[in-house]
């Protein structure tokens, strides 16, 4: 999808978008892309609302892509008005994406790939990766350097495993997944039985399934199930440093921000959003469409479509009221004392 | 410990357990093991209580192992009643554990092991691991791929270091430890001196000792001491993404859940349990047998045997009362206002 | 900086410090260094205040370095009184620092360094590291084992990248940086557009700049910008397991403790201190000189020089008052009920 980005003009950008109204010089050159506050001459940038545009006292970008609104023509800037700004964003950024992978690497002779592994067409394996026996690497999949893929694991078609990813034996990653550097899939669940004051390890014999289109962030961990399977559902996106415990079942198209922690045996529905550093206690059940605030702590059952936050998590509107009351607490202590005094006086003071 | 699991029957399972009462067909075949809600025909599963059994409307498992209770015989399920369900769980799961390590790898010629390292019998070192001079790898220890063991570090007998583990120079790991993928032992403590608005690094010259039988989760970090030694005590189990700061002393047989953070110079007694995402401030002292709720924040001194939770952590029962009151806070604000009005009226209203 | 530490005496230590008053035997031998509570005969230790010294019932160290104060001469201990104890600490610990890197490794033939990479003088690359084309490794920089440096990345002079560090393509690390094991620089920002209930990835075309003198802890992550650059400012120190989101701008000489999380597009001023597990919501703006308590949750704008804590973060003194009130909440509920009863009685009780 990456094309040459030399000698681009505003008109070329409009061509690439296949839509958009140009206001200003259509031949103004575009040499890069940057956020509004970092953009300099030659850069294309994006603005998402009229307020946003107003807040930028002087945009130094040469070309600004923005949703339909009134703009004053300028001799320094060319505007491109589009109907779907987010689609435009994705389409244009794709132009500027530098390819990370060199397909010519093929299966590097500096990697170890077991002769008992199945390697489909156009697979790339970078130096110093280790692919054990019984592994299947699907068509076009890329294994960057220092990746471990354990016995019998399956990596579907068109996946990218960034450097240092560890896939324990038997784990299944379906097609089109992106696993960022240092992520660990299939480490043992945290399960012990107490026996005479010591902890005896419960063998963790289950596995992990990462369904298609999932993205997992750098240094995140997904534990294997004790028995059965830990599942990350189709299209779900997981940020960096997230912990997913054993036997967790995550639905489809969820998004979990950085440092979220999901304890063992939790069930999460579809399209659930979790803010950063949120945590879910073991065996909790989170419905579909639930939105969870950053740093929240959840336990028990959360109904479909709820919006919750806090530790423990409360319905969003109620949480806001509790928070507002909390700020008045020191004042309430005083008012309470004053009232007590007043009532005491009334009782004994000869009213 | 792993034996062939083909052609097993309920009777074989009873033999392996060396105890247990069979109710139902003793020759019913067992082909796998699964949690109750994922089990299908041929699977053996575990149920831990009568309530649990009732809650499973229709178990599809073929064989159910459960503690002593009354069960109605069934034509579809064979029950095995046992005295110690947790012991049975460990014994049976061990049968189904797939070996992760191929002992035939020996010390791979694709690994780098310094000629000045000591490698005892039956050690396995996978390709692309780096073992520096002065290192000692104890008998039967397994070093998976992409592991770094720095100068003069000692790994005891029968340890497993999963892929990507980093052991900084001089660190000591005693026998029988399991270190999961990406864990880092011995990185520098976070210590600086402020000097003219800048931070000057305090050299971190101490070390780390991980005592025998410890398990450390994926991508967890244990910092070396500034001087002296950071200690993780015998039998302690640490989950994924946990941070242990410099000079921390952790006692024996503790269990810390995912994303726990222990700041520098903290002392933790024996058999301490910490819930996920709990944090302990520097120089705190946690007694033995303490239980700490998930997401709690601790500082100062916590007495032996305490059960605490919250930020800052409070005794468990008091915390529950504060929490309950908190939910009534918006209503309290209203009641307080109403009272103030009533008192005002009484004062001036001619009672 | 590391010198022989055999046959050192208290007098040698004073020589090395170039200052200090010796009280006790100047020829007492020093064979190691340890914190006060771990020190044994032969060890040198540090004490930072008179209270601290008193609290140590019996120091077993042979030599104690401490700030100017009155000390009673002892036949067992030699005291060295200094004006600047922290400077003395750094100077002496440097003596005992074991070198981690063996400069003789040079560029190991067991590493892969692209012929199209630029490798300056005295660079060390350990076995099994991968340095892609277009990379520049500055003079004297050390790349430990299992490091990935992607296409076109730049590592300045005198840096140390510990084992397993991953530097994505195009990332810039300036001179004198220390990046600990497993840290990931330049992974994709967590950015998606929702489209028909699914998440479509926004291409992450920006980069990361780590300015000079920065230290980043083990398994921490710094995401690349969507467009433009994520910046970690000069001299800033980041502890382990910290998450820095896309497009974040961090100022100079900050210090962030373990497991801090900074969401996308946050701006942080200079000399900001964050306690462990603190979190900052996206697009927040933190002024210079701000101090943030452990486990705090921040959003919006925080003024220069503020001291804040809590979720959401409040000014420090107000937070303490809210916390104090919170502990009285269960009692307040009772007092409120009692008052209501009293007022009710007064109203109807025939006063």
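The values are calculated or read from the model by the stated rules, or taken from the named source; none is laboratory data. Model, not experiment: these values are computed from the prediction. Cβ coordinates were reconstructed from backbone atoms using ideal geometry, including for glycine residues, and neighbour counts include every protein chain displayed.
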- Consider residue C:202 carefully, then state whether it is in the same structural domain as residue C:273 (by TED's automatic domain parsing), in contact with a helix residue (DSSP H, G or I) (Cβ under 7 Å, 6 or more places away or on another chain) and in contact (Cβ under 8 Å) with a residue 24 or more places away in the chain. yes
- Any chance you could count how many residues in the range B:42-93 are surrounded by 15 or more Cβ atoms within 10 Å (Cβ to Cβ) and outside any loop (DSSP other than H, G, I, E, B)? 24
- Query: Regarding residue B:94, is this residue facing another protein chain (nearest Cβ under 8 Å) and under 29 Å from residue A:116 (Cα atoms)?
  - Reply: yes
- Message: Just the residues that are touching a strand residue (DSSP E or B) at 6+ places or on another chain (Cβ under 8 Å), away from chain A (no Cβ under 14 Å) and assigned to a loop (DSSP other than H, G, I, E, B), please, taken from the range C:286-302.
- Response: C:287, C:290
- Do the conditions hold for residue A:305, that is, is it out of contact with any strand residue (DSSP E or B) (no Cβ under 7 Å at 6 or more places or on another chain) and either at pLDDT below 95 or assigned by TED's automatic domain parsing to the domain that holds residue A:206 (or both)? yes
- Note on the structure: Per the filter on the range C:148-188, residues within 21 Å of the chain's Cα centre (by Cα) and more than 15 Å from residue C:211 (Cα to Cα) are C:162, C:163, C:164, C:165, C:166, C:180, C:181, C:182, C:183, C:184, C:187
- Item | Odd one out for residue B:274 among (1) within 8 Å of another protein chain (Cβ to nearest Cβ); (2) closer than 30 Å to residue A:166 by Cα | (1)
- Of everything in the range B:153-173 that's crowded, with 21+ Cβ neighbours inside 10 Å and assigned to a strand (DSSP E or B), which residue is nearest to the other protein chains (Cβ to nearest Cβ)? B:166
- Any chance the range B:243-266 includes a residue that's more than 13 Å from the chain's Cα centre (by Cα) and in contact (Cβ under 8 Å) with a residue 60 or more places away in the chain? yes
- Quick one: count up the residues across the range B:307-346 that are surrounded by 19 or more Cβ atoms within 10 Å (Cβ to Cβ) and in a loop (DSSP other than H, G, I, E, B). 3
- Selected residue (only one of A:283, A:253 is out of contact with any strand residue (DSSP E or B) (no Cβ under 8 Å at 6 or more places or on another chain), in the same structural domain as residue A:191 (by TED's automatic domain parsing), at positive phi and part of a loop (DSSP other than H, G, I, E, B)): A:283
- Message: Can you tell me how many residues within the range A:124-147 are assigned to a loop (DSSP other than H, G, I, E, B) and under 26 Å from the mean Cα position of the chain (by Cα)?
- Response: 10
- What number of residues in the range C:174-233 are away from chain B (no Cβ under 14 Å), farther than 30 Å from residue A:272 by Cα and not in a strand (DSSP E or B)? 2
- Note on the structure: Across (1) closer than 29 Å to residue A:84 by Cβ; (2) touching a residue at least 24 places away in the same chain (Cβ under 8 Å), residue C:194 clears everything bar (2)
- Message: Testing residue C:107 on (1) closer than 30 Å to residue C:27 by Cα; (2) surrounded by fewer than 20 Cβ atoms within 10 Å (Cβ to Cβ); (3) more than 7 Å from every other protein chain (Cβ to nearest Cβ), one condition comes back false. Which one is that?
- Response: (1)
- State which residue pairs qualify: first residue more than 8 Å from every other protein chain (Cβ to nearest Cβ) and at positive phi and inside the range A:113-132, second residue part of a loop (DSSP other than H, G, I, E, B) and modelled with pLDDT of 95 or more in any location, beta carbons under 7 Å apart, and separation of 6 or more residues or different chains. A:122/A:139; A:122/A:140
- Taking the stated definitions as given, is residue B:236 out of contact with any strand residue (DSSP E or B) (no Cβ under 8 Å at 6 or more places or on another chain) and either within 29 Å of residue A:167 (Cβ to Cβ) or crowded, with 24+ Cβ neighbours inside 10 Å (or both)? no
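So which of C:147, C:135 is more than 11 Å from chain B (Cβ to nearest Cβ) and at pLDDT 95 or above?
C:135
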- Within the range C:291-304, track down each residue that is under 20 Å from the mean Cα position of the chain (by Cα) and either over 17 Å from residue B:298 (Cα atoms) or surrounded by fewer than 17 Cβ atoms within 10 Å (Cβ to Cβ) (or both). C:291, C:298
- Please tell me if residue C:279 is away from chain B (no Cβ under 12 Å), farther than 21 Å from residue B:204 by Cβ and crowded, with 23+ Cβ neighbours inside 10 Å. no
- Message: Would you confirm whether or not the range A:268-276 contains a residue that is without any contact (Cβ under 8 Å) to a residue 40 or more places away in the chain, within 20 Å of residue A:189 (Cβ to Cβ) and either in a strand (DSSP E or B) or in contact with a helix residue (DSSP H, G or I) (Cβ under 9 Å, 6 or more places away or on another chain) (or both)?
- Response: yes
- Only one of C:328, C:337 is at pLDDT below 95, more than 20 Å from residue A:293 (Cα to Cα) and more than 7 Å from every other protein chain (Cβ to nearest Cβ), namely C:337
